[in-house]
């Protein structure tokens, strides 16, 4: 039975999650099925919280978003943070790589340099 067929047979999300977690654990001996379930539930809760979040005011302090140049999902350039920041509070910097690689190898140095420079330029005045 293929995965899609097995998932279609189940109505509840919990049952579908059990199937997927079982497949992942069976193919990765270093992964425990219950950990996959916990991770999936946690990730879903994070997505739901982000989706439902409605800020009540704008962020006025300087804000830095360092993000990967290439993404698998079609996203707004600032992940909609510009809607939560007033004026020019938001600075967006793209770094080569994807979600996994933009903080690895030479990209790591670029991220560290970007954050370090930004922090120096945005220190609160005394």
Can you give me the ranges of the helices (runs of 4 or more DSSP H) entirely in the stretch 1-92 with at least 2 residues that are under 29 Å from residue 103 (Cα atoms)?
-> 13-27, 33-52
Would you point out the residue of the stretch 48-58, among those that are surrounded by 10 or more Cβ atoms within 10 Å (Cβ to Cβ) and either at pLDDT 90 or above or out of contact with any helix residue (DSSP H, G or I) (no Cβ under 9 Å at 6 or more places or on another chain) (or both), that is nearest to residue 16 (Cα to Cα)?
-> 48
Please indicate, with yes or no, whether at least one residue in the stretch 17-26 is loosely packed, with under 13 Cβ neighbours inside 10 Å and either at pLDDT 95 or above or not assigned by TED's automatic domain parsing to the domain that holds residue 115 (or both).
-> yes
Would you check if there is a residue in the stretch 97-107 being in contact with a strand residue (DSSP E or B) (Cβ under 9 Å, 6 or more places away or on another chain), at pLDDT 90 or above and more than 30 Å from residue 5 (Cα to Cα)?
-> no
Test: residue in the stretch 63-70 that is at pLDDT below 90, over 30 Å from residue 124 (Cα atoms) and assigned by TED's automatic domain parsing to the domain that holds residue 105 = yes
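The values are calculated or read from the model by the stated rules, or taken from the named source; none is laboratory data. Treat the numbers as computed from the prediction; the structure is a model and nothing was measured. Positions of Cβ are backbone-derived with ideal geometry, glycine not excepted, and every protein chain shown enters the neighbour counts.
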